[in-house]
Amino acid sequence: MATPSVLVFDVNETLLDIESIAPLFGELFGDERMLREWFAQLVMYSMSITLAGNYVTFPMLAQGVLRMLGDIHQVNVTENDADRLKTALLTMPAHPDAADGLAALRDNGFRLATLSNSPPNPAGPTALQRSGLAGFFEHQLSVDARGVFKPSPAVYQYACETLAVAPADCMMVAAHVWDTIGAQNVGFSAALITRRGNAPLPVDGLPQPNIVARDLRGFAERLGSRDN
């Protein structure tokens, strides 16, 4: 693997802790593990609407999936509950290792950017800005600029165009294999951060991450410096 010059980070779960939203699901459904069902459905439907040629923003889709799960599980999801979810998505904290790992990567000479399914927030700061991590990144990119969700090739190509680099110069850093596969299919290298509930997908014929690490500190140690 050639050493990349640009590291492109996923945001939700990779940098920010979605487990912080679990108490809301515990309150509504009586089981905090419903967070994972909601998130899996959210990702599935983001991909579905992209394949179908439709688009709504990630927060709108997140609220719709919450209401859908309420119907499935016979739970009354109110407008206030949907609003609470939107607020929770905007206030997710950074993982404890994120700032240290990003600082090490920056100090080791890498350019850092984000590429998120979440849109800009016209009403105020984004979750990344609230988390205190935004200052590490030269660009905070959103799929909203192309109206399609990851892993559409268009969003990774958009990142390359904005950063003025070739795909081979970029490494996607994400907690989700669907994201790393999407990036690798347009020529990125990839690192998988195995946050809770995430692991490599060991299937012959599918691209595997170039680096697998438990957190960003470990990833920074594995990647080393651009001068190596």
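Can you find, among Met68, Thr57, Leu7, the residue farthest towards the positive end of the dipole of the chain? Put +1 on the C-beta of Lys and Arg, -1 on that of Asp and Glu.
My answer, from the dipole projection, is Leu7.
Rolling a 1.4 angstrom probe over the protein heavy atoms, how many square angstrom per residue are accessible across the chain?
Spelled out: the 1.4 Å probe surface of the chain, per residue, equals 45 Å².
Tell me the relative contact order for the chain as a rounded percent, counting alpha carbon contacts under 8 Å between residues six or more apart.
25
Could you compute the net charge surrounding Gly197? Neighbours are other residues with a C-beta less than 11 Å from the C-beta of Gly197; K and R count +1, D and E count -1.
Every neighbour counted, the sum reads +2.
When the helix-only estimate is applied to the chain (DSSP H runs of n ≥ 4, each -39,500 (n - 2.57), divided by the residue count), what is the mean residue ellipticity at 222 nm, nearest 500 deg cm²/dmol?
The per-residue figure over the chain is -12500 deg cm²/dmol.
In the chain, what % of DSSP beta bridges are antiparallel (nearest 5)?
5
Rank-order 18-27, 70-79 by packing density, defined as the average count of other C-beta atoms within 10 Å over each peptide's residues, highest first.
Packing order, densest peptide first, comes out as 18-27, 70-79.
What helices does the chain have that are whole DSSP H segments, at least 15 Å long along their own axis by Cα, and with mean Kyte-Doolittle hydropathy of -1.0 or more?
Qualifying helices: 34-51, 58-72, 79-90, 153-163.
How would you order 199-211, 172-184 from highest to lowest mean count of nearby Cβ atoms within 10 Å?
Sorting 199-211, 172-184 by mean packing, highest first, produces 172-184, 199-211.
Any idea what the dipole of region 5-57 comes to, in debye rounded to 20, about its Cα centre with Lys/Arg Cβ at +1 and Asp/Glu Cβ at -1?
240
Return the whole-Å distance between the Cα centroid of region 30-49 and the Cα centroid of region 134-196.
21
Packing-wise, with mean Cβ within 10 Å as the measure, how do 144-152, 119-127 rank, highest first?
Highest-to-lowest ranking by the protection proxy: 144-152, 119-127.
Could you check how much of the accessible area of the chain is carbon and sulfur, as a whole percent, using a 1.4 Å probe?
Reported share for carbon and sulfur atoms: 51 percent.
Run the dipole for the chain about the Cα centre, Lys and Arg Cβ at +1, Asp and Glu Cβ at -1, nothing else charged, and hand back the magnitude in debye, nearest 20.
240
Rounding to the nearest 20 debye, state how big the charge dipole of region 6-132 is about its Cα centre with +1 on each Lys and Arg Cβ and -1 on each Asp and Glu Cβ.
400
The values are calculated or read from the model by the stated rules, or taken from the named source; none is laboratory data. Quick caveat: nothing in here was measured; it's all calculated off a predicted structure. Neighbour counts are summed over all protein chains in view; Cβ atoms, including those assigned to glycine, are modelled from backbone coordinates with ideal geometry. Each accessible area value is taken on the protein alone, full model and side chains, heavy atoms only, with ligands, DNA and RNA left out. Shrake-Rupley method; radii C 1.70, N 1.55, O 1.52, S 1.80 Å.
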